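Reviewing the structure listed below.
The values are calculated or read from the model by the stated rules, or taken from the named source; none is laboratory data. On a predicted model such as this, the values are computed, not experimentally measured, just so you know. Glycine also receives a Cβ, built like all others from the backbone with ideal geometry; neighbour counts cover every protein chain displayed.
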Amino acid sequence: MIQKGRAWKFNDNISTDLIAPGRYAHLRSNLPELAKHTLEDARADFAPNVKKGDFVVGSRNFGLGSSREHAAIIIKMCGTSAVIAKSFARIFFRNCINIGLPVIEVDTDKIDDGDILELDLQKGVLLNTTKGTSFTFPPLPTIMTAILSEGGMVEYLKNHGDLVLKA
Amino acid sequence: MGKTMVEKIIGKHAGKEVVAGELAIVDVDLAYVQDWTGPLAISQIREMGFKELKRPERVAIFIDHSSPSSAKEIATSHIGLREFARNTGCKLFDVGSGVCHVIVAEKLARPWDLIIGADSHTCMGGAFGALATGMGSTDVAVAIAFGKTWLKVPAAVKVEVKGKLQKGVYAKDLMLYLIGKIGADGASYKSLEFVGETTENLPMHERLVLTNMAIEAGAKCGIFPSDIKTKAYLAEYGREGDYKEIAPDPDAVYERKIEIDASMLEPIIAFPHTVDNVRAISHPDCADVSIDQIYIGTCTNGRFEDLKVAADILKGRHVKEGTRLVITPGSKDIYQKAMRAGLLDIFVEAGGAVNSPGCGACPGAQTGILGDGEKCLSTMNRNFKGRMGNPNSFIYLASPAVCAISAITGKITDPRRFI
């Protein structure tokens, strides 16, 4: 399946405090409300304007900080197709996979805010149709590919009944 | 080929030899959540269809982030955590107990353990010679219900520290210096293994600062070999029997080695809004930084010894007019020790506000949220924009000594001539 949408560009070191601020901790039991504040402290125009299929495009060390999985969940709830960055903080990366949100590492210096992107996850190809450029990215470890393609860790465990490293 | 400590621990828990870069499924010795991540973990456990926990005695729930509760929604989520603990038989540390990682250090972490917590500073447990790492609620849900997780064996960075820390310079300064040197992603996905004469000589409460902040360099974990100091700390909490030896092999393979001469270090300040944005206190940027609020506490520097350093400076002095001092002990045990030693009296006499144990002002929802444009100097581990509840405020990080003397002067101040 090919996903298409615009790029929402963010700077280096977007922390989970910027994605899902602690001052909204009381909304973690009401995720649709929390999602209205997604990335609010980094870009207040993101949550009100993001469209289904769009991409969050970070730079270096995206998602650093706290382990709050809500950060990944509300980015997905906004309709985001994938999070793309030069590099990710490890807990955030893993959280995205566990909730079924694709995370892709490419050189995002070559993507500007508002560029239109097309992602073919199976083929491992990302197109920047605005600039006419393309990126390839290596596949994830087998267990992560399985978790992601099955829709997240909950579905994965329901399907397999156990953690298995190789398919 | 020699093994690093993480290769040894993961190997033991995977039941096979492993090397860095390999994936492994491992048994988990301790899985825990806190009140901001626990409700999601519990709903995931239900979604996955688990009815019972494999080893409830090695599962813990901590109510520490909003503790006592700061909103009705959070109070309601606390009810769910208590019910889960009652129904499954896992441990519950309720309001008044303190910060999860501090309690894990006092009561639960053991050398050779593999520990997973739904909080990024779970890595603090590595001070015991354990592999302790933070994960999200779903991963920890799997570990809680199933007793296992999957891991990539991290490559290890050997941090070798030599030389004696000057008086007034602490593990906090050393760690801020290291993070400044390698960057907020300088150890991403890696293990920081602390060796060398300086860290060997550090007491446990200082080792815990180094491993606590491993995540601030992006690391999966920070880890110390266990030794006589580990054993003494465990004995202090009635857990001498939990002691086991662990050390890297002499020919362990490290991806990188970082050498630091601790004797050269000054007190270090992290400036807003990233932990790697550091300055030595003698830097001109540190002159005349006025401070609205000082916050002493947290899993990083909320231990008795930290409070003692602060109290020794604050004794007989008073907080500068226009500056607020907020103190939150890390645990019930620390709170009581500080009370018995007269530290709380010193803080109150100096004009400080002392809170009950917990995360306090650090995660940004209670007891010390900052006003627009305000500056806070704190013993916390991170200073991200918005961390303390207001994206229009500024957080500086430092040792308890810098924080205490700066409370008196109302601006960032070098503690060395006061102690």
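Structure summary
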| read-out | value |
| --- | --- |
| Residue check, residue A:116 of a type in the set (Val, Ile, Thr) and out of contact with any helix residue (DSSP H, G or I) (no Cβ under 6 Å at 6 or more places or on another chain) | yes |
| Filtered residue count, the stretch A:60-84, keeping only those that are in contact with a strand residue (DSSP E or B) (Cβ under 6 Å, 6 or more places away or on another chain) and within 11 Å of chain B (Cβ to nearest Cβ) | 5 |
| Residue in the stretch A:113-135 that is more than 10 Å from every other protein chain (Cβ to nearest Cβ), hydroxyl-bearing (Ser, Thr, Tyr), more than 17 Å from the chain's Cα centre (by Cα) and in a strand (DSSP E or B) present | yes |
| Boolean, residue B:126 is in contact with a Ser or Thr (Cβ under 8 Å, 6 or more places away or on another chain), at the interface with chain A (Cβ under 9 Å from one of its Cβ atoms) and crowded, with 24+ Cβ neighbours inside 10 Å | no |
| Boolean, residue A:103 is more than 12 Å from chain B (Cβ to nearest Cβ), surrounded by 15 or more Cβ atoms within 10 Å (Cβ to Cβ), closer than 26 Å to residue B:213 by Cα and in contact (Cβ under 8 Å) with a residue 12 or more places away in the chain | yes |
| Any chance residue B:97 is of a type in the set (S, T, N, Q), within 26 Å of residue A:27 (Cα to Cα) and away from chain A (no Cβ under 14 Å) | yes |
| Wholly within the stretch B:207-324, helices (runs of 4 or more DSSP H) carrying at least 2 residues that are surrounded by 23 or more Cβ atoms within 10 Å (Cβ to Cβ) and within 14 Å of chain A (Cβ to nearest Cβ) | B:298-301 |
| Tally, over the stretch A:9-42, of residues that are at the interface with chain B (Cβ under 9 Å from one of its Cβ atoms), of a type outside the set (A, V, I, L, M, F, W, C) and part of a helix (DSSP H, G or I) | 8 |
| Qualifying residue in the stretch B:291-300 (condition: among the aliphatic types (A, V, I, L, M), closer than 18 Å to residue B:330 by Cβ, at pLDDT 95 or above and not assigned by TED's automatic domain parsing to the domain that holds residue B:370) | no |
| Candidate set: the stretch B:28-58, residues that are surrounded by fewer than 22 Cβ atoms within 10 Å (Cβ to Cβ) and acidic (Asp, Glu); chosen: the one nearest to the other protein chains (Cβ to nearest Cβ) | B:47 |
| Wholly enclosed strands (runs of 3 or more DSSP E) of the stretch B:109-172 bearing at least 2 residues more than 16 Å from the chain's Cα centre (by Cα), over 15 Å from residue B:208 (Cα atoms) and among the aliphatic types (A, V, I, L, M) | B:156-162 |
| Selection from the stretch A:53-94 of residues that are under 12 Å from the mean Cα position of the chain (by Cα), in a helix (DSSP H, G or I) and closer than 15 Å to residue B:219 by Cβ | A:92, A:93, A:94 |
| Residue ID - nearest to the other protein chains (Cβ to nearest Cβ), chosen from residues in the stretch B:178-195 that are under 18 Å from residue B:164 (Cβ atoms) and touching a helix residue (DSSP H, G or I) at 6+ places or on another chain (Cβ under 9 Å) | B:178 |
| Breaking point among (1) closer than 22 Å to residue B:2 by Cα; (2) more than 10 Å from chain A (Cβ to nearest Cβ), for residue B:171 | (1) |
| Residue A:87 closer than 19 Å to residue A:148 by Cα, of a type in the set (Ser, Thr, Tyr) and either surrounded by fewer than 24 Cβ atoms within 10 Å (Cβ to Cβ) or within 12 Å of chain B (Cβ to nearest Cβ) (or both) | yes |
| Residue under evaluation residue A:157, criteria (1) assigned to a helix (DSSP H, G or I); (2) over 16 Å from residue B:139 (Cβ atoms), criterion not met | (2) |
| Pairs where the first residue, in the stretch B:401-412, is under 19 Å from residue B:171 (Cβ atoms) and the second is part of a helix (DSSP H, G or I) and at pLDDT below 95, C-beta under 8 Å, 6+ apart | B:405/B:418 |
| Options B:327, B:395, B:369: the member that is under 23 Å from residue A:17 (Cα atoms) and assigned to a loop (DSSP other than H, G, I, E, B) | B:369 |
| Flag if residue B:382 is in contact with a helix residue (DSSP H, G or I) (Cβ under 7 Å, 6 or more places away or on another chain) and charged (D, E, K, R) | yes |
| Selected residue (only one of B:218, B:297 is out of contact with any helix residue (DSSP H, G or I) (no Cβ under 6 Å at 6 or more places or on another chain) and over 25 Å from residue A:90 (Cα atoms)) | B:297 |
| Single condition residue A:57 does not satisfy, out of (1) away from every other protein chain (no Cβ under 14 Å); (2) closer than 22 Å to residue A:153 by Cα; (3) buried (at least 17 other Cβ atoms within 10 Å of the Cβ) | (2) |
